[in-house]
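The values are calculated or read from the model by the stated rules, or taken from the named source; none is laboratory data. Predicted model, so just to flag it, every value in this text is computed and none were measured. Reconstructed Cβ throughout: ideal geometry from the backbone, glycine too, with neighbour counts over all protein chains shown. Just the protein is used for accessible areas: all its heavy atoms, side chains included, with ligands, DNA and RNA removed. Shrake-Rupley method; radii C 1.70, N 1.55, O 1.52, S 1.80 Å.
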Amino acid sequence: MSTSAVKTIKAAAVKSRGKTPILPPRHGPKPSKLPPAFKPVHPSLLVSSQGNGYNLFVPQLRKLVFEYCERSEQSTKTRAYLLRNVEDLALAHPHVEVVVKTRTLKPPIVRGLYLNNRDKVISLVGLEETGIVAKVKLLLESSGAKIKALKRKEVVSVTPSTRGIWSSLHTEAPYKI
């Protein structure tokens, strides 16, 4: 475009004052709208779903409650633990809500509340700080499920044995060791 054409466009723009400026005509057809580069995603699909599995782990402990007495001798080690370690514990486990309560004239406890609406209560009476750390770790790593016995029940048969029940009293010669 020549300098004289630019001057005439500027002069027309100044004369119009408030109106849209007059621009030179464009050559060629108008550009058409392009299709979007990607398919839009619904916002509900962007939320991750909960579930324990190969790619995802959901910690089961949701709340950890420390309860202690401010005057009791039983709670001295618990108070020392809370003064030194409770902030580090809360920062190390952001998924767990850490609550500290006082219980007047009662022994110190730590209570773990789990996602399955169960809780575990552990007494902290007589435990050193290392013992308290171990108990808190136990609550953090457990699932909150009921403790099941590993010992299996004995097999009880409804029908009698084909050989019968052996007894040393019913043999011809007594049993010798």
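Being in a loop (DSSP other than H, G, I, E, B), without any contact (Cβ under 8 Å) to a residue 60 or more places away in the chain and open to solvent by 60 Å² or more (accessible area, probe 1.4 Å): is that true of K106 here? Break it down stepwise before answering.
Details: in a loop (DSSP other than H, G, I, E, B): yes; without any contact (Cβ under 8 Å) to a residue 60 or more places away in the chain: yes; open to solvent by 60 Å² or more (accessible area, probe 1.4 Å): yes.
Yes: the conditions hold for K106.
With L82, L89, L127, L150 as the choices, which residue is surrounded by 15 or more Cβ atoms within 10 Å (Cβ to Cβ) and in a loop (DSSP other than H, G, I, E, B)?
So the residue among L82, L89, L127, L150 that is surrounded by 15 or more Cβ atoms within 10 Å (Cβ to Cβ) and in a loop (DSSP other than H, G, I, E, B) is L127.
Could you grab me the full set of residues in region 130-146 that are surrounded by 13 or more Cβ atoms within 10 Å (Cβ to Cβ) and part of a loop (DSSP other than H, G, I, E, B)?
Once the filter is applied, which keeps residues that are surrounded by 13 or more Cβ atoms within 10 Å (Cβ to Cβ) and part of a loop (DSSP other than H, G, I, E, B), region 130-146 yields S142, S143, G144.
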